[in-house]
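Asks: Sharing a structure with you now.
The values are calculated or read from the model by the stated rules, or taken from the named source; none is laboratory data. Remember, predicted model here, so these are calculated numbers, not experimental data. Ideal geometry is used to build each Cβ from the backbone, glycine not excepted, and the neighbour counts take in all protein chains shown. Accessible surface is based on the protein model in full, side chains and every heavy atom, while ligands, DNA and RNA are left aside. Shrake-Rupley method; radii C 1.70, N 1.55, O 1.52, S 1.80 Å.
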Amino acid sequence: MRMSDEAGRVGAAASSPGACRLPGGVLREGRRLNEIRFRPLTGRLEEALAAGGDDRSLPERITGLLAVAIESLEGGPVDRATVAAMSVGDRRFLTRHLAKVVVGDAVWLSHPCRECRAPFDIHFRRSELPVKPAGAGYPWAELELARHGRLRLRVPTGADQARLAGLEEDAAIRRLVADCLLEADSGFTVEALAASLTPPELAAIDAALEEASPEVASELEADCPECGTRQRVPVAADLGLGFGIDGLLGEVHRLALAYHWQEGEILDLPRWRRQHYLALIDRERGLYR
């Protein structure tokens with residue numbers, strides 16, 4: 001039995017990350033590059049993505065996952081350094097896009113109410129998380145502070161996040177400012193300026209960076225069904241990637257038993273074709289029609 005060409009096209013489109021356009025982009029030689037193309041979703045790519053749940057920091061894992069999954073940026077090659085240098089918002093956007101195809105669009109979260117502590121479930125779709133495009137000055141932000149004059153900063157990247165892993169919140173914020181600061185009118189050194197910033201000044205810098213940066217929603221609003229308290233619920237940045245390999249290996253095992261193919265041959269199959277063969281096996285066994 002052969003799948004029709006039309007069914008094959010539909011299956012391939014539904015289970016392939018394809019292409020997308022970054023809400024911010026990568027600045028290269030004065031141009032903002034936005035067009036991303038992902039590699040076809042095969043068992044080998046799923047195997048690499050499933051291995052993402054290791055003991056590295058989350059930013060480092062995200063860099064590794066995206067470097068494996070992305071085929072090109074505006075037709076050019078993409079390596080770990082390119083992914084690490086992407087803005088935080090662009091990386092989150094790519095992770096959401098990839099997770100929607102690899103893990104699924106629908107998500108259920110369980111969250112304890114901040115008021116009554118009763119756990120409750122939240123359902124949402126990854127594709128419906130709001131996306132804010134980059135501001136006009138991207139990838140830079142500028143602001144004036146009374147004590148320090150004009151500041152010019154670049155928006156934070158994945159590499160910045162990785163350097164902050166393990167730091168206390170205040171130290172991480174000041175380190176981030178020091179790393180992202182490009183120009184300042186005051187005579188302070190970068191480190192001295194970052195150390196001297198007051199909470200209102202830090203808040204002003206954060207607002208300027210937020211305005212310049214692309215963003216994917218990192219929180220959802222929900223009402224506790226027990227006490228009715230409205231609250232914000234965080235949405236994890238990795239959105240389910242690093243999901244384990246047992247399911248993939250189970251599919252490889254079933255196909256190897258049925259067709260006597262080698263593991264490498266099965267892992268090279270696109271996901272949609274692998275799943276079609278699994279459906280044929282179930283149909284032959286009478287599990288469904």
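Asks: Only one of these is in a loop (DSSP other than H, G, I, E, B), open to solvent by 30 Å² or more (accessible area, probe 1.4 Å) and under 17 Å from Val235 (Cβ atoms): Arg147, Arg114. Name it.
Replies: Matching residue, one of Arg147, Arg114: Arg114.
Asks: Residues of the stretch 254-274 being open to solvent by less than 40 Å² (accessible area, probe 1.4 Å), in contact (Cβ under 8 Å) with a residue 60 or more places away in the chain and either of a type outside the set (Lys, Arg) or within 10 Å of Leu41 (Cα to Cα) (or both), which ones?
Replies: Ile266, Leu267, Leu269, Arg271 - these are the residues of the stretch 254-274 that are open to solvent by less than 40 Å² (accessible area, probe 1.4 Å), in contact (Cβ under 8 Å) with a residue 60 or more places away in the chain and either of a type outside the set (Lys, Arg) or within 10 Å of Leu41 (Cα to Cα) (or both).
Asks: Could you list all residues from the stretch 193-203 that are in contact with a Lys or Arg (Cβ under 7 Å, 6 or more places away or on another chain) and open to solvent by 40 Å² or more (accessible area, probe 1.4 Å)?
Replies: Ala195
Asks: Output the number of the condition that Trp140 fails; it satisfies all remaining conditions of (1) free of Cβ contacts under 8 Å to residues at least 12 places away in the same chain; (2) touching a strand residue (DSSP E or B) at 6+ places or on another chain (Cβ under 8 Å); (3) of a type outside the set (A, V, I, L, M).
Replies: (1)
Asks: If you don't mind, there's one more thing I want to ask. Being open to solvent by 60 Å² or more (accessible area, probe 1.4 Å) and outside any helix (DSSP H, G or I) is the filter; apply it to the stretch 55-77 and report the residue that is farthest from Gly166 (Cα to Cα).
Replies: The selected residue is Gly75.
Asks: Can I ask one more? Output the residue which, of all residues in the stretch 175-192 that are closer than 13 Å to Leu145 by Cβ and either at pLDDT 95 or above or aromatic (Phe, Trp, Tyr) (or both), is surrounded by the most Cβ atoms within 10 Å (Cβ to Cβ).
Replies: Applying the filter and picking the extreme gives Val177.
Asks: Another question, if that's okay. Looking at this structure, is Arg44 part of a helix (DSSP H, G or I) and open to solvent by 20 Å² or more (accessible area, probe 1.4 Å)?
Replies: The answer is yes for Arg44.
Asks: For a quick check of your reading of the model, give me the residue pairs whose first member lies in the stretch 123-137 and is of a type in the set (A, V, I, L, M, F, W, C), whose second is in a loop (DSSP other than H, G, I, E, B) and surrounded by 16 or more Cβ atoms within 10 Å (Cβ to Cβ), with beta-carbon atoms closer than 6 Å and at least 6 apart or on different chains.
Replies: Going by the 6 Å Cβ cut-off, the qualifying pairs are Ala134/Pro214.
Asks: Cβ-Cβ below 9 Å, separation at least six or inter-chain, first residue in the stretch 143-169 and without any contact (Cβ under 8 Å) to a residue 12 or more places away in the chain, second exposed (fewer than 13 other Cβ atoms within 10 Å of the Cβ): which pairs?
Replies: Glu144/Arg150; Glu144/Asp185
Asks: Within 18 Å of Ala67 (Cβ to Cβ), open to solvent by less than 50 Å² (accessible area, probe 1.4 Å) and among the hydroxyl-bearing types (Ser, Thr, Tyr) - does that describe any residue in the stretch 120-143?
Replies: no
Asks: Collect the residues in the stretch 204-234 that are open to solvent by 60 Å² or more (accessible area, probe 1.4 Å) and not in a loop (DSSP other than H, G, I, E, B), keeping them in residue-number order.
Replies: If the condition is that a residue be open to solvent by 60 Å² or more (accessible area, probe 1.4 Å) and not in a loop (DSSP other than H, G, I, E, B), then Asp206, Glu210, Glu211, Glu215, Glu219, Glu221, Asp223, Arg230, Arg232, Pro234 are the ones that fit.
Asks: Yes or no: the stretch 80-102 includes at least one residue that is under 17 Å from Pro59 (Cβ atoms), open to solvent by less than 30 Å² (accessible area, probe 1.4 Å) and part of a strand (DSSP E or B).
Replies: Yes, the stretch 80-102 contains at least one residue that is under 17 Å from Pro59 (Cβ atoms), open to solvent by less than 30 Å² (accessible area, probe 1.4 Å) and part of a strand (DSSP E or B).
Asks: To continue, here is another question. Looking at the stretch 33-77, which of the residues that are touching a residue at least 12 places away in the same chain (Cβ under 8 Å) and among the basic types (Lys, Arg) is farthest from Ile245 (Cα to Cα)?
Replies: Within the stretch 33-77, the match that is farthest from Ile245 (Cα to Cα) is Arg37.
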